[in-house]
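A.B. asks: My structure is below; once you've seen it, I'll send some questions.
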Amino acid sequence: MRELLSIARRRTFKRDEVVFHHGDAADSLQLIVRGRFAVRMLTPMGQTAMLAVHGPGEAFGELALLETGSRRSATVSALEPAETFSVVRNEFSRLAASHPGVKDCLLAVMAEQIRRANERIVVAHYCDADERVRWALLQLARTYGADEDIAIPLTQEQLAEFAGTARATLNRVLQDEAAQGSIVLDRGRVRIVSAGELERGTRGVPLV
C-alpha cells in the first residue's frame, strides 16, 4: 500500500465538480482521502440514476487499471469538497511488475464493488419503492458514519435519485419514518437516529 501511494497524485475537488464523465478515456483509479462522490448514469428514459456514493477509504474507477483503451462507464462527481489519490494505469502496471502483491489491493476493491452491485440488483428487482427508500438510507448511513444519529447531507432530490423512486414517494416514506422516530428531518439533511427501526422495513434484504 505504501508503494501504491508513493506513485499516486493528490487531487482536490469542489462540491459538484465532475471527476470524469461517462465515455471519457479511463486511465486512473481514484482512492478517496476525504469527501464523498456520487456515481451516476443516464437511464434509457433519459433520467439520471445515482448508482453509488463512495466515501473515505473507498475507491472508484478501478476498471481503468485493467484494460487499455477502456472508457468510463459512469459519471462521477464530488458531493462535497473532496480529495483523492489518483493512480495512473501505466505507473500501476510498472509497480505491479516489481511488486505483484499490489494487485491484491485492486482485487479487494473490485470484490467489494461486485458485492455492492449484486446487492443493488436484488433490491432493484425484489423490493418495492418504500423498501428501496429505507435501504438507501441505511446504505448512506454506513457511508456517512458508523454511529447512531448520523447526518446525511443530501437533498430529497438526491435521495430519491439514489433510491430509484419518485420524490413524492420518498417524502411520504421519510414522513412515516420521522413519525416512527427512526429519523429526524432537518433542512437539507436527514438524521438517522435508529438504524434498527429502519431495518424493520427492508424485509431482510442483505445489508452492507
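The values are calculated or read from the model by the stated rules, or taken from the named source; none is laboratory data. If you're wondering where the values come from, they're calculated on a predicted model, not measured in any experiment. Here the Cβ positions follow ideal geometry from the backbone for every residue, glycine too, while neighbour counts run over all protein chains shown.
A.B. asks: Considering each residue of region 175-195, count those that are assigned to a loop (DSSP other than H, G, I, E, B) and under 22 Å from the mean Cα position of the chain (by Cα), and give that number.
C.D. replies: 3
A.B. asks: Quick test of your reading of the structure: residue 92 fulfils all but one of (1) touching a strand residue (DSSP E or B) at 6+ places or on another chain (Cβ under 6 Å); (2) farther than 25 Å from residue 142 by Cβ. Name the failing condition by number.
C.D. replies: So the condition that residue 92 fails would be (1).
A.B. asks: Which of the residues that make up region 44-71 are free of Cβ contacts under 8 Å to residues at least 60 places away in the same chain, in contact with a helix residue (DSSP H, G or I) (Cβ under 9 Å, 6 or more places away or on another chain) and buried (at least 19 other Cβ atoms within 10 Å of the Cβ)?
C.D. replies: 59, 60, 62, 64, 65
A.B. asks: Would you tally the residues in region 105-146 being among the charged types (D, E, K, R) and farther than 27 Å from residue 4 by Cα?
C.D. replies: So the count comes out to 7.
A.B. asks: Output the number of the condition that residue 151 fails; it satisfies all remaining conditions of (1) farther than 30 Å from residue 6 by Cα; (2) not assigned by TED's automatic domain parsing to the domain that holds residue 192.
C.D. replies: Going through (1) farther than 30 Å from residue 6 by Cα; (2) not assigned by TED's automatic domain parsing to the domain that holds residue 192 one by one, residue 151 breaks only (2).
A.B. asks: Take the conditions exposed (fewer than 14 other Cβ atoms within 10 Å of the Cβ), more than 13 Å from the chain's Cα centre (by Cα) and either under 20 Å from residue 180 (Cα atoms) or free of Cβ contacts under 8 Å to residues at least 40 places away in the same chain (or both) and apply them to residue 170. Does it pass?
C.D. replies: no
A.B. asks: Which count do you get for residues in region 138-157 that are buried (at least 18 other Cβ atoms within 10 Å of the Cβ) and closer than 21 Å to residue 47 by Cβ?
C.D. replies: 3
A.B. asks: Hey, another quick one. Out of the residues in region 81-105 meeting the condition of being among the charged types (D, E, K, R) and exposed (fewer than 14 other Cβ atoms within 10 Å of the Cβ), tell me which one is nearest to residue 153 (Cα to Cα).
C.D. replies: So, considering only residues that are among the charged types (D, E, K, R) and exposed (fewer than 14 other Cβ atoms within 10 Å of the Cβ), the one nearest to residue 153 (Cα to Cα) is 104.
A.B. asks: For region 36-82, how many residues meet the condition of being assigned to a loop (DSSP other than H, G, I, E, B), at negative phi and at pLDDT 90 or above?
C.D. replies: Residues meeting the conditions: 10.
A.B. asks: Still on this structure: Test of understanding: among 116, 36, which residue is among the charged types (D, E, K, R), buried (at least 18 other Cβ atoms within 10 Å of the Cβ) and not assigned by TED's automatic domain parsing to the domain that holds residue 167?
C.D. replies: 36
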